[in-house]
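The next block holds one structure in the form of structure tokens; read it before the comments.
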Number of protein chains: 2
Amino acid sequence: MTTQQNDFSKWYIETIQKADLMDYTPVRGCIAFKPDGYEIWEHIQEEMDRRFKETGHRNAYFPMLILESFFQKEKEHIEGFSPELPWVTEAAGEKLEERLALRPTSETMIGHLYSNWIKSYRDLPVLINQWSNAFRWEKKTLPFIRTSEFLWQEGHTAHIDEEDARKETMQMLAIYKEVVEGLLAIPVYDGQKTPSERFAGAVDTFSIEAMMKNGKAVQAGTSHYLGTKFAEAFEIKYLNKANQHEYVHTTSWGTSTRLIGSVIMVHGDEQGLILPPRIAPTQVVLIPVGPWKKNPEIMEKLDEIYAALKKKGIRVRLDDSDQSPGFKFNEWELKGVPVRIELGPRDLENNQALLKARDEDEKQSIDLVNVVSAIEEELTTMQTRLFEKARQFRDANAHINIDTLQQLQQHISSSKENGSIPGWILAGWCGDDACEEKVKEETKFTSRNIPFNPPTTKTSCICCGNEAKHTVWFAQAY
Amino acid sequence: MTTQQNDFSKWYIETIQKADLMDYTPVRGCIAFKPDGYEIWEHIQEEMDRRFKETGHRNAYFPMLILESFFQKEKEHIEGFSPELPWVTEAAGEKLEERLALRPTSETMIGHLYSNWIKSYRDLPVLINQWSNAFRWEKKTLPFIRTSEFLWQEGHTAHIDEEDARKETMQMLAIYKEVVEGLLAIPVYDGQKTPSERFAGAVDTFSIEAMMKNGKAVQAGTSHYLGTKFAEAFEIKYLNKANQHEYVHTTSWGTSTRLIGSVIMVHGDEQGLILPPRIAPTQVVLIPVGPWKKNPEIMEKLDEIYAALKKKGIRVRLDDSDQSPGFKFNEWELKGVPVRIELGPRDLENNQALLKARDEDEKQSIDLVNVVSAIEEELTTMQTRLFEKARQFRDANAHINIDTLQQLQQHISSSKENGSIPGWILAGWCGDDACEEKVKEETKFTSRNIPFNPPTTKTSCICCGNEAKHTVWFAQAY
């Protein structure tokens, strides 16, 4: 088997296939989400959806097909997305008069509809989210992380003024951070994107950024303040209290199935997946060991534990197949099941069972009377432990003492030589697009975001050496 | 306002727009599902999904784009669907080598994948469901009922033999019946489709059929036994216990957002929607009446009731806007809110409130101490009452004494003359496609299904008069 160390990308692709999360299909860049992969998404959806509704949002559904003329209405938007659009040109045996794009994002269609739905300040804010598929026909694809078709949620809100819209933008970014850190055990830096990395058509884009085990960054969620750009393009106006027409201020925000890929690349190890308990399709696997077929009490006890865990709402499997225990251990480790319980005749005699946490080396011996509470506790502590491990890994590979382009280049080449990962670097930036572009050209490191809470503040631009206006995370990114 | 009596179709379209369930879009046949419309779908999804999972199914997600060559593999399938397919022919600025269809249903893509996923009898059954959008570019569209893009679930299962696959087909039909009757309060007849009405590529199609208030039928859910047709087309074989390769037997089954339209057309009245409590986005609305602004105790009491209902998980709204009570009553009746509570100063003095059920004429006076339990009880009884009312309406309009084509024609013309609805008729059928076709040509009545439990059994064919092989529901259908 390919190791993470040797070839991270190959390890990733092999692992998600062996663990039954996905399969390739004959349609370019489109994958099938198998049940174990899709269920991770269902757990993400459930938690996000709960948080959206708690904060007053409602779900709706908008057409997937968008008129070409809609895209033309916001100049930056069409420039940003047109290179990636798939087009429907024929339907029911006839050529269409106007091409229809498969949505890459829905600001235009929703902008058009909001202009009819919003009349007065009484109609504001409009707080709507959509769960759907979306399409971006990109050159390089990678399962979950970058696929031609992906699943996502896109929130689209309209507000009375800038203050209210900006509050929404930040609120949703905070929710993303809490869900990604709490549910997926992935530590992220929240911050603002530089102008060159903004969403096409946004005034400001904010993101949460996560570090994968190969040091690369994944943009795990974005929240945009769109100002009145789409309101102007689609004439979304309201009558204010003084009876005057004003443009609404809009926001949009999204997270996608790339979160599934991120979880794999943040937590996985050479044995396969490591899934945080809160999103694992199977949280606990029970495995009889030793001469268990001759000892029916073993299966009786395991059935009992199984029923008790089910009752607690824990997602449990009992593997009583004919395979050897060693085979089963490998199989369930590959699939990233957080907790394994082993029970053999000698264990039963001693009123004990063995508990193995997926991310720890040692097995624990636990009293059978406490087995359910011991499992519950392990699931909770493991969730926190995985987050802490990921945070330590990230912090160890997020370098804050690189001050010049030359130092960065040296850092990258020495990483290559000693087989370590280059990770992220925190750098000062003067604010000039040209400096940012030069860093990218010479190192392939791109700006990730300007973190709200950087570990330190940098004073000079990594490229030109002038005074730094911003402290920025740079990294190679997916 | 248009009445149901005058113009049912116009009433339907006006009502769903005024009640904020949907909006038209500039893309032909594609609607926007507004939050109040979409939430009905969310409640349907939640209940269906729970039932699917209880019966061992898991969700997955398959690509929306399907290769043209895949459709060619099952002859009946491509013949049935090709007239309705929209095609992607260009993407990212380039013409595609092979056109990609927007899925009308996913048997082909899933068949292709299952042929890789299924190796041995140990892999069976495969029990997978998908929640997604789908596309059928139909000539005549009607919001929710028949749209170019719709939302649905499609189950796709593979089995070891015919017996197991047929058991699955019937199990899912039974779940559909239970959910549509229990959750949507829509009575249905379950039965088998005649060959001419079968799903393209199925061996047998089963359906549940519901009667709308204009007497038309809606096919509310279908479940198909596909035999080995798709297994043969896509080479889905497994190794049986005797080490021989055999084709799997597959099923598919689906329900869609047309259920939203059905709910409106089964329960609505001249005042607007009537939503069954279990799926109503707002179940209870609280309205202060009389000089309530001068009596702060009114709002205090309503806030208290509001909090108590929220705590019980009841979806409640408090309308303290400046509109008149009469305006509010109309507004919330139009939106179909099941229960309205009115509270004014005199009511409060008497420790009472008025409860108005959306489908009943009389208001009830209830003691304030019991208000929460009275509301809970009303929501439960109303759910059952709506089902009973719909069943009585259907039974009154499902005619079982029409034996000849001439009688049917007379029935239809006399309905037209006296402004009543023609409804459904139960007819004998010899089993000859030509007889079925003739009924359709002469009366526009099509066969709906061969009910498992017909109210009576017919002995002679309605068309040719020969011995009837089947007793069939005929009706005009959406």
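The values are calculated or read from the model by the stated rules, or taken from the named source; none is laboratory data. On a predicted model such as this, the values are computed, not experimentally measured, just so you know. Because the Cβ atoms are built from the backbone with ideal geometry, glycine has one as well, and the counts that use them run over all protein chains shown. These area figures cover heavy atoms from the full protein model, side chains too; ligands, DNA and RNA do not enter into them. Shrake-Rupley method; radii C 1.70, N 1.55, O 1.52, S 1.80 Å.
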**Item:** Residues whose placed amide H lies under 5 Å from that of A:Ala477, excluding near-sequence neighbours
**Value:** A:Ala217, A:Thr446
**Selection of trypsin sites (Lys or Arg not before Pro), segment B:389-455, meeting DSSP coil and at most 14 other Cβ within 10 Å** = B:Lys444
**Prompt:** Starting at 0 and stepping by 10 Å, how many percent of the alpha carbon pairs of segment A:398-475 end up in each bin?
**Reply:** 21, 57, 20, 1
**Request:** Could you tally up the Lys pairs in segment A:282-385 with alpha carbons closer than 15 Å? Skip any pair fewer than 8 positions apart unless they're on separate chains.
**Result:** 4
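For segment A:8-267, just say rounded, prolate or oblate: build the C-alpha gyration tensor, square-root its eigenvalues into a ≥ b ≥ c, call rounded for a/c under 1.5, and beyond that prolate if a/b exceeds b/c, oblate if not. Show your work: numbers first, answer last.
Numbers: a/c = 1.99, a/b = 1.34, b/c = 1.48.
Judged from the Cα gyration tensor, segment A:8-267 comes out oblate (a/c at least 1.5, b/c at or above a/b).
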**Item:** Shielding by partners - mean other protein chain Cβ count within 10 Å, residues of A:109-115
**Value:** 2
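Tell me what chain B gives for mean residue ellipticity at 222 nm when only DSSP H runs of n ≥ 4 count, each as -39,500 (n - 2.57), the sum divided by the residue total, rounded to 500 deg cm²/dmol.
Numbers: 14 runs with 173 residues, N = 478.
About -11500 deg cm²/dmol.
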**Fill in**
Expressed in nanometres to one decimal, the distance between label points 7 Å along Cα→Cβ at A:Lys75 and B:Gln45 is 3.8 nm
**Request:** State, to one decimal in nm and shortest first, how far the label point of B:Lys140 sits from each corresponding label point in the other identical copies (label point: 7 angstrom along Cα-to-Cβ).
**Result:** 5.3
**Request:** Please identify every one of the trypsin sites (Lys or Arg not before Pro) in segment A:292-339 that sits in a loop by DSSP and has no more than 13 other beta carbons within 10 Å of its own beta carbon.
**Result:** A:Lys312
**At R0 = 45 Å, FRET efficiency that the Cβ-Cβ distance of A:Arg391 and A:Ser120 yields, to 0.05** = 0.45
**Asked** Listed here are the pairs A:Lys140/A:Lys177; A:Lys75/A:Lys95; A:Lys139/B:Lys95; which of them are more than 23 Å apart at the Cα?
**Response** A:Lys140/A:Lys177; A:Lys75/A:Lys95
**Prompt:** Quick one: label points 7 angstrom along Cα→Cβ at B:Glu162, distances to the other copies in nm, smallest first?
**Reply:** 7.3
**Item:** Where labels lie 7 Å past Cα in the beta-carbon direction, separation of B:Asn453 and A:Asn6 in nm
**Value:** 6.3 nm
**Prompt:** With the contact rule set at Cα under 8 Å and sequence spacing of 6 or more, what percent relative contact order holds for chain B?
**Reply:** 14 percent
**Average beta carbon contacts from partner chains per residue of B:78-84, 10 Å cutoff** = 1
**Request:** Please give the peptides B:94-102, A:338-346 ranked by average Cβ packing (other Cβ atoms within 10 Å per residue), highest first, as a rough proxy for protection.
**Result:** A:338-346, B:94-102
**Complete:** Measuring from the longest principal axis of the C-alpha atoms of chain A, the long axis of helix A:405-418 (C-alpha) lies at a number of degrees, nearest 10, equal to 20 degrees
**Asked** What FRET efficiency comes out for the pair A:Asn466/A:Glu235, r = Cβ-Cβ distance, R0 = 56 Å, nearest 0.05?
**Response** 0.85
**Total charge dipole magnitude, chain A, about the Cα centre, Cβ charges on Lys, Arg, Asp, Glu only, Debye to nearest 20** = 100 debye
**Fill in**
Probe 1.4 Å, protein heavy atoms only: A and B together bury a total accessible area in Å², to the nearest 100, of 4200 Å²
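In whole percent, what relative contact order does segment A:398-475 give with Cα contacts below 8 Å and a gap of six or more residues? Show your work: numbers first, answer last.
Details: 140 pairs, mean separation 30.0, N = 78.
Relative contact order of segment A:398-475: 38 percent.
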**Message:** Under a crude label model (7 Å from the Cα following the beta-carbon direction), how far is A:Thr384 from B:Ser196 in nanometres?
**Reply:** 7.0 nm
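So what is the relative contact order for segment A:301-380, in percent, with contacts set as C-alpha pairs under 8 Å and at least six apart?
The value is 22 percent.
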**Complete:** Across A:22-28, the residue-averaged tally of Cβ atoms belonging to other chains within 10 Å stands at 6
**Nearest-20 debye value, segment B:277-381 charge dipole, Cβ charges on Lys, Arg, Asp, Glu** = 360 debye
**Item:** Nm distances between copies for A:Glu46, ranked from closest, using label points 7 Å along Cα→Cβ
**Value:** 1.3
**Message:** Around B:Leu368, under 11 Å between beta carbons, what's the net of Lys plus Arg minus Asp minus Glu among the other residues?
**Reply:** -3
**Rounded accessible area per residue of segment B:8-267, 1.4 Å, Å²** = 33 Å²
**Asked** Using a simple charge model, +1 on the beta-carbon of Lys and Arg, -1 on the beta-carbon of Asp and Glu, nothing else, what dipole does segment B:96-175 show about its Cα centre, in debye to the nearest 20?
**Response** 340 debye
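Pulled fully out, how much extra length does the chain show between B:Ser82 and B:Gln323, if you take 0.36 nm times their separation in residues and subtract their Cα-Cα distance?
81.5 nm
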**Prompt:** Measuring from centroid to centroid over Cα atoms, what is the spacing of segment A:47-112 and segment A:136-154 in Å?
**Reply:** 15 Å
**Loop sites in segment A:358-415: GluC sites (Glu not before Pro), DSSP, at most 13 other Cβ within 10 Å** = A:Glu360, A:Glu362
